[in-house]
Each structure stands twice: as structure tokens, then as C-alpha cells.
């Protein structure tokens, strides 16, 4: 599963870890994140992420 | 200096640092700066942000002109960076506030900066409101404009938007409003601040401005945390300027920035500028020995092209050029055309390294990088004039 980097703040979304603070379980692919999911560090939208 | 009234019961209580030249360690502030804090004298007396730690007494003195510091009920922390929160521990100790409002990321940042034991922190999110008597505080998170904790506060009754660092400028002045200072100087300092601080967050800036516009907020006063405040027609001026900065539309302007050992690379810079000028561009030639990288970024913001020169020294580029490129990369300028040039004596790696660095920033490179052995001969300089022309034509095509 691919990791994605936030273009704004540099946060890396790792599907292995998910984003549990915001209800995203470990093992969730980036593509499967809800469309309104935002970067937990800076609030950037999904389209601000680039595949690592 | 005394506090300044903005509207009835709303006051500027910030500090002016006339001799600030080192701004946060990464840029310079030739005109000094201010740390703006605001006080609203309502049923709940509310202080918005504080100042740099060493100005805590100055802030307390200004507050004391209006209310007893102990009468402050609420503190709003719009931004946790030290120039606005440094005095916070001292102020909290003196004031013993009933509540301290900050964003969710603000709470995390406050805990990472200070011992907040016993601080009455209340986290607020976008859309949350708090009544302070005759007025309402309406909060708007502005994450990454320009830190994760950044937040703005809107006061609908007075049509005031307090924007933390957004719309700031480093200007130390006795005047408090934009309509009281020199216009061109104001604009230059808005450009300089944006280019050196806000630029990498341009996509976020565009989204937040669109959000504010879609909310249809009536704004009569735009109050940033640095420099002068905007009122009346200047509110739209500030917002439209930010939209233009964030769009990064190239203009017919080029920055030729270089360092030099024995003036060979400098000769090339002059020749490239000649070519750029012949295509109708405005040119800034900047020698990194006499300008700071933040001076360069001020010029880069509105430029269509950035042409960078370095001689090869010990198999690499000169340190000031490496500094400039590292700094510029982090600020993520967009829509630029690049170019690389320089002299060399034997191995000659610098020009390639400069070209790679500019390409990695997403710059188009219409002209081949150019280098010359030791000292470029007069006839050889024609190649550099031609390079300037090629780059100039590309900028004209792009800028329209």
C-alpha cells in the first residue's frame, strides 16, 4: 500500500497506521479515505497529497 | 507609546520593535516590525494574542491605560508562535484569566511551548462562537496560514476580522493604519512578508480567502498581528493583494541572482540582464554578497524568471548560492522560468547543480545552462546575452 505526503506540511499518510485520531483504522488505503478527510496536521484536502 | 483606539472599546495594545532586523532567524526586516495585540473592553474583557516575551511589560502598561490587567477575563490565542505568545506565561500569571481560547492545534502547540498547568484552556473550532457581552467572537481555523494552530477571530458587531499573521507586514511606525503610511512602502512590505512567510501556503491561502468570501462576512477592519491595520477600502485592497500573491501569475520581470569570486560570473549576470532587457523585461541584478536571501524572495514573488549564477568552488557552488537555493526551495515558488550560469577553472560542477536545483523546484528551463572557463571573453558574452533573450522570450510568452 502506498504512502502519501502532504504537499503543504510534509505529513506522511501511512496506510499501515491509518489516522485513528480521526476515525481512520490502520490498514486503510489512501484511496479509500473519505473525500472530506483532511491532513491531520495542517488541514489540507486529499488533492494536496502526492504519492511518496 | 499609548494604546490606539480602533472603534469604541476596541484597542490596539501591541508593541513596536523599531530596531528589529533579524526576523525569526530566517529573514530580515529592514523597517523593524510590530507585535499587535488587541483588547476589547466588553462585559468580558478580552485580549487577543500577546507580544514577544521581552515586551510583556510594555503590553501590561498599554493594557493598564485602559483596564486593570486583572480585569481581563478572556485571552484568545490566534497564533502560538513566540512573537505572539512569548509574553503569554507572564500575562496569564498577572491576569489569571477565566478562559484561554485556542484552536485544537493551538492547544497542542501551547503545551509544547509552555508549562500550561492550571491554564483554563478552552479549545474552539471553526464556527464556534462565544458571547463577551455586546459582542460575539466567531472563530475560524486557518490551519497552515501559516502554522497548524493559526486561527482568525471575527467580531460581527464591529465587522472586525483579527487574522493573526495573515496580511501582516514588517513595518515599525507611529501610525497604526494602512491609510496613514506611504503606499508604495506598504505594498513592498506586504510583498516581502508574503514572499518570505506565506508563499509556501499559497494553496491554503486561496482556500481560506474563498471560504471567507463564501461566508459573506462584512469586514470593515482587518487586523493582522504585524504592522499596520487595514480599514475601509483598504480591507479589499489587502484581500485582493493576497489573492494576486497566492496566484503567483508571472510578470515581465526577471531576477538575476549570483555570487562571484573574480567577477567572471558577475560579467555573465550583466550580459544575461542585457538579453532580458532587450525582450522588454524589468530586471533586478542581485549580488548575494550584499543582499539577504529574504531580499531576493521579495523580488522573486512577482518575477517571471529567476536566473541563478555561481562559480564552481571546490567542486560545488558557492555557499551563499546554496543558501539561497535551499531557502527558495522551502518557499515553493510556482510558475517560474529558471536559468543557470557561472564560471569555472577545472571541474565545473556548480552550474549543473544550480540547474538541477531550479528544475527540482518545478522551474521551466528554456535555455541550456551556460558556463565559461575562468574569464569569459567579450565575444563569449554574446552567448549569455542570447541566454537572457531566450529566457526573456519565454517569460513574455508566459506572462502574456
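Assorted remarks:
- Answer residue from region B:168-185, given it is in contact with a helix residue (DSSP H, G or I) (Cβ under 7 Å, 6 or more places away or on another chain) and buried (at least 19 other Cβ atoms within 10 Å of the Cβ) and is farthest from residue B:334 (Cα to Cα) among those: B:178
- Exactly one residue among B:92, B:124, B:116, B:80 is closer than 25 Å to residue B:226 by Cα and in contact with a helix residue (DSSP H, G or I) (Cβ under 6 Å, 6 or more places away or on another chain), and that residue is B:80.
- Within region B:78-92, considering residues that are closer than 18 Å to residue B:144 by Cβ and touching a residue at least 40 places away in the same chain (Cβ under 8 Å), the one farthest from the other protein chains (Cβ to nearest Cβ): B:83
- Qualifying residue in region B:238-248 (condition: over 22 Å from residue B:151 (Cα atoms) and in contact (Cβ under 8 Å) with a residue 60 or more places away in the chain): yes
- Residues of region B:93-139 that turn out to be under 14 Å from residue B:78 (Cβ atoms), away from chain A (no Cβ under 14 Å) and either at pLDDT below 95 or in a helix (DSSP H, G or I) (or both), as a count: 1
- Of all residues in region A:14-32, those that are under 13 Å from residue A:4 (Cα atoms) have Cβ atoms under 9 Å from Cβ atoms of residues that are assigned to a helix (DSSP H, G or I), 6 or more apart or on another chain, in A:15/A:30; A:15/A:32; A:30/A:46.
- Number of the exception - residue B:174 against (1) under 22 Å from the mean Cα position of the chain (by Cα); (2) within 14 Å of chain A (Cβ to nearest Cβ); (3) farther than 25 Å from residue B:243 by Cβ: (2)
- Looking only at region B:20-42, residues that are assigned to a loop (DSSP other than H, G, I, E, B), without any contact (Cβ under 8 Å) to a residue 40 or more places away in the chain and closer than 19 Å to residue B:86 by Cβ come to 2 in all.
- Residue B:155 buried (at least 19 other Cβ atoms within 10 Å of the Cβ) and over 28 Å from residue A:10 (Cα atoms): yes
- If you filter region A:1-15 down to residues that are in a loop (DSSP other than H, G, I, E, B) and more than 14 Å from chain B (Cβ to nearest Cβ), you find that the one that is modelled with the lowest pLDDT is A:1.
- Residue count for region B:140-165 satisfying the condition of being touching a residue at least 60 places away in the same chain (Cβ under 8 Å), within 14 Å of chain A (Cβ to nearest Cβ) and closer than 14 Å to residue B:76 by Cα: 5.
- Any hit, region B:148-156, residues being at positive phi and either outside any loop (DSSP other than H, G, I, E, B) or in contact with a strand residue (DSSP E or B) (Cβ under 8 Å, 6 or more places away or on another chain) (or both): no
- The single condition among (1) touching a residue at least 60 places away in the same chain (Cβ under 8 Å); (2) under 28 Å from residue B:32 (Cβ atoms); (3) away from every other protein chain (no Cβ under 14 Å); (4) buried (at least 18 other Cβ atoms within 10 Å of the Cβ) that residue B:188 does not meet is (4).
- Failed item in (1) facing chain B (nearest Cβ under 9 Å); (2) within 8 Å of the chain's Cα centre (by Cα), with residue A:48 passing the rest: (2)
- Test set (1) over 25 Å from residue A:7 (Cβ atoms); (2) surrounded by 22 or more Cβ atoms within 10 Å (Cβ to Cβ) - residue B:347 fails condition number: (2)
- Test: residue in region A:16-38 that is within 14 Å of chain B (Cβ to nearest Cβ), touching a strand residue (DSSP E or B) at 6+ places or on another chain (Cβ under 9 Å), in a loop (DSSP other than H, G, I, E, B) and closer than 23 Å to residue B:329 by Cα: no
The values are calculated or read from the model by the stated rules, or taken from the named source; none is laboratory data. Predicted, not measured: the structure shown is a model, and the values here were computed from it. Counting neighbours? That spans all protein chains shown, and the Cβs are built from the backbone with ideal geometry, glycine included.
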